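Student: Handing you this structure, nothing more for now.
The values are calculated or read from the model by the stated rules, or taken from the named source; none is laboratory data. From a predicted model like this one, the values you see are computed outputs, not experimental measurements. Please note: Cβ atoms are built from the backbone with ideal geometry, for glycine as well, and neighbour counts cover all protein chains shown.
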Amino acid sequence: TVGEMTAAIVIRRAMCRIRFVLGMAALGIPAFAAAQPEGLRPPTDDCDTMAWNGYFSAWEASAPADAQLWIDRFNYDFNRSRRAEIVLRGAGDTFRVAGESSERLIPRAIADIDRGIALHPDRLDMYLGRAAAFAYAERYGRMTDALCALVARAEANGGRWLAPDGRTVEY
């Protein structure tokens, strides 16, 4: 019916706007800030997953409550999920590298940011990054849940969010 088509168009437009806003918010989150513990340096090869896992494990061992650790870990896994890894095996025979599909990396990224949110419940950037990841993955129900969690936290904390530098920011 015309009413259903109109409702679908309105919903589609609203989702496009939400994806745009969340995408812009995600772009505002620094990929890797220089906040890692002293003596610990990130790997130089972005594709060396083993080195990055070791780096994050060492960081977690030395500073498990560091908010930047969970943000960087989320950003690394989420950004890896956005790239298609293809290996050529022969004429026309291709496949994805095992373990590097977005279906595996997005849940891992979400688990990372959930851990960060549990440790630092007043970091707005973490909530926005979580919602943006769901929007990217076109999991709109989960994105809505993430935004509802953000609103619930804003009600609980009176709209007072902690900035990356540790200052409280008024809503």
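To keep it simple, each residue is scored yes or no on (1) within 15 Å of Pro107 (Cβ to Cβ); (2) at pLDDT 90 or above; (3) not β-branched (Val, Ile, Thr).
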{"position": "Gly129", "(1), (2), (3)": "yes, yes, yes"}
{"position": "Ala149", "(1), (2), (3)": "no, yes, yes"}
{"position": "Ala152", "(1), (2), (3)": "no, yes, yes"}
{"position": "Val169", "(1), (2), (3)": "no, no, no"}
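Student: While we're here: So is Asp125 assigned to a loop (DSSP other than H, G, I, E, B) and of a type outside the set (A, V, I, L, M) or not? Please lay out each step first, then the result.
Tutor: Details: assigned to a loop (DSSP other than H, G, I, E, B): no; of a type outside the set (A, V, I, L, M): yes.
No, not satisfied.
Student: Then there's this: Does Phe32 qualify as being in contact with a strand residue (DSSP E or B) (Cβ under 9 Å, 6 or more places away or on another chain) and either surrounded by 14 or more Cβ atoms within 10 Å (Cβ to Cβ) or at pLDDT below 90 (or both)?
Tutor: On the way: in contact with a strand residue (DSSP E or B) (Cβ under 9 Å, 6 or more places away or on another chain): no; either surrounded by 14 or more Cβ atoms within 10 Å (Cβ to Cβ) or at pLDDT below 90 (or both): yes.
Taking the combined requirement at face value, the residue does not satisfy it.
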